[in-house]
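One structure below.
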Amino acid sequence: MKPLKLRTKIIFFTVFMVFTLVSGSFLLINLVVKRQVRTRLVQDLERSQDAVEQNQKDRLRQLVAHSIIAAENSTLKAAIDTYQTELRNRISIAEQLKRTVRNEAAKLFSILTADLLIVTGSNGEVLTIEGISSPSEGSNLNLSAERSVMNCLSQSPVDFEQAAGIWQFQGKTFRIVSVPILLQDIVVGTLTTGFEISPSFVHSIKANTNSDVAFVDNGHIIASTLTPAENDVLLRRLERKKSNTNDMVDPIQEEATLGGETYLTLKFGVEKGANNYFLVLNSIDRNMKEIMDPIKVTLIMIGIFSILFSTLLGLALSQSITKPLMNFVNFMGEITRTGELQQKFIPWTPNYEVDVLARSFESMARSLAESQAETARYHEELRIKEFNEEKLRGLAIRSHLDALISQINPHFLFNALNTVGVMIDENPDEARRLTVKLANIFRKTLQASERDFVSLQDELNFIQDYLEIEKARFGERLRVEKNVEALHVKIPCFTLQPLVENAIKHGAAPKIGTTTIRIHVSQAEGHLNIQVSDDGMGMPRSAVDSMFERGYGLKNLIERLKILYPSEFVWKVESEFLKGTTVFLELPIGKAVKIG
């Protein structure tokens, strides 16, 4: 990921700070406004409740006043009293009297400003209804169970307004109030009037209070200013609340979500012994939107202006920093490119911080140049010293190696000359042949002082000449078997010869009978595995542990290999008395130390 430039970082930072500030301000304003809106809505709900209740009280008082005036109608009183008397005596004129009651009721209803007028007898029997269609002939409609009527028929009625109740008839719901019709202090019936709780009624309330209103009765919404979909959601919510509590009276004030819109609701007007009440609802979201929309527009405009201003400010600020810095970076790049540490920084525009940094860098560059010169002199002296030490170390190793090889030559030649000397008298021709072999051996021995490594094939040729001399000495008592791979691989000179010589000297020479010497060489995983074994006399364990003390051949070989392969070769000797000896060598191919 490509790192951001300082200029971009400054602009991003200033824009982020402005965005954070505007967003934080919006959230804070939103929180404060929501709190204020809720407080205002609570007050609006209470005012709406007072308005609804006051509206009902005014209507009820008006109805009570008209009802009391209408109850003074003497013709109506006499007609009701006569009708009830004749009805008890089963006289046919009762129906005519009932028509008289209906006529008088119709006259009164035309005077009253009410939606309903009902005239009942002293037992609550409905004699006539005005405002809605009357019950058919022969029906026995009785309102003695209605609270308002029962209050007026009782001997000790309470306040008419307090006794007002809800009456549902023919799919309509009325708020009714009854006053007694008295004849000489005897209740002969009631005059019941009222107004319908209808959509027009609740809409008139909303027009005055700016609040949504719903009237609920027995789990049904009778009238509401909400939409049908919102009414359905409201009913389901009310049903859930009713099923989740044993108390029929819900919390007065709470929040409700209807159709995705949050409302603050207030419940009031619950009738005793009934299940009807008013709900006043005010939309929190709508009020928030009315208040917050102008604020949002203002904040957005402020945010856009602030972001533009902060971008320009950040750009100007970054230019004042990045230009001198880039000049300084170019200055350092020039030093890096040319390697000239004595250059001077030339500022384009004055900048205190960058100038101080440049002066410090120049001082550091001068110190670095001096240190480089001193270091170069030190490294040159150290290189010369190390070269001389390495040269001396190589000469010492070369001298040591030559000394080791020089130990082999006299030891081997001495044994070979003894063998040739014995053959001169017994078989002169064989002695001459062996002398030629001895000359070859001597020549290769001299060449070995000039080369540290020879091919495995050359080493085997040398061993072959040596074995020719030894076979002349031992005759049929000495047999040699070879199984050799990788003839081109380079090995240190005189690697196999000491091993073969030890096998002859300590294995074949002391043994009576035939001794077989086996030479096995194989290559595997970057190593050369050499194994020289014999079935001669062998050695006990104690002799194996002290074998270095009894001769120079194997000891000399191991010391040379330690020089040429430091800690990278493996050797092992296994021997058992009267059964033979095996020497193992494992050499890394191509990893020998070069000797100068």
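Can you tell me the length gained on complete extension of the stretch Ser363 to Phe548, counting 0.36 nm per residue apart and subtracting the Cα distance?
Value of the extension gain: 59.9 nm.
For the pair Asn440 and Ile424, how long in nm is the line joining their label points, each one 7 Å along Cα→Cβ?
2.2 nm
To the nearest Å, what is the center-to-center distance of segment 516-574 and segment 122-181, using C-alpha atoms only?
Using only Cα atoms, the two centres lie 133 Å from each other.
At a Förster radius of 25 Å, what calculated FRET efficiency corresponds to the Cβ-Cβ distance of Ser134 and Arg47, to the nearest 0.05?
The calculated FRET efficiency here is 0.05.
Please find the FRET efficiency linking Lys34 to Ile300, where r is the Cβ-Cβ separation and R0 is fixed at 25 Å, and quote it to the nearest 0.05.
So, using R0 = 25 Å, E works out to roughly 0.85.
Past 28 Å, Cα to Cα, is the threshold; run Lys385/Lys572; Lys385/Lys591; Lys34/Lys57 against it and keep the listed order.
Lys385/Lys572; Lys34/Lys57
What is the list of residues in segment 172-209 whose amide nitrogen lies under 17 Å from a point 7 angstrom out from the Cα of Thr85, following Cα to Cβ?
Label zone hits: 182-189.
To make sure I understand, if each residue's beta carbon is the centre and we count other beta carbons within 10 Å, what order do Asp58, Asp185, Asp285 fall in, fewest to most? Mind dumping the intermediate values first?
On the way: Asp58 10, Asp185 5, Asp285 14.
By the 10 Å Cβ count, ascending: Asp185, Asp58, Asp285.
Please compute the Cα-Cα pair-distance distribution of segment 1-325 with 20 Å bins starting at 0, giving whole percents from short to long.
The percentages, shortest bin first, are 25, 36, 20, 11, 6, 1, 0.
Quick check on packing: order 111-120, 580-589 by the mean number of other C-beta atoms within 10 Å, highest mean leading. Provide the component values of the computation, followed by the final result.
Numbers: 111-120: 22.0, 580-589: 19.0.
For the peptides 111-120, 580-589, the packing ranking is 111-120, 580-589.
Compute the signed sum of charges (Lys and Arg +1, Asp and Glu -1) over the other residues within less than 9 Å, Cβ to Cβ, of Glu230.
Charge balance near Glu230 sits at -3.
So between Asn461 and Glu568, what do we pick up on full extension, going 0.36 nm a residue minus the alpha carbon distance? Each step should come with its number before you reach the end.
Numbers: separation 107, 0.36 × 107 = 38.52 nm, distance 2.67 nm.
Residue separation times 0.36 nm, minus the Cα-Cα distance, leaves 35.8 nm.
If you take the beta carbon distance between Arg377 and Met326 as r and set R0 to 56 Å, what does 1/(1 + (r/R0)^6) give as a FRET efficiency, to the nearest 0.05?
Details: r = 36 Å, r/R0 = 0.65.
After rounding to 0.05, the efficiency reads 0.95.
When only alpha-carbon atoms count, how far does segment 18-75 stretch along each of its three principal axes, as whole angstroms with the largest first?
85, 12, 6
A short reminder: the numbers here are calculations on the coordinates, not readings from a lab. Just so you know, these numbers come straight off a predicted model, no measurement behind them. Using ideal geometry, Cβ is built from the backbone for each residue, glycine included, and neighbour counts are taken over all protein chains shown.
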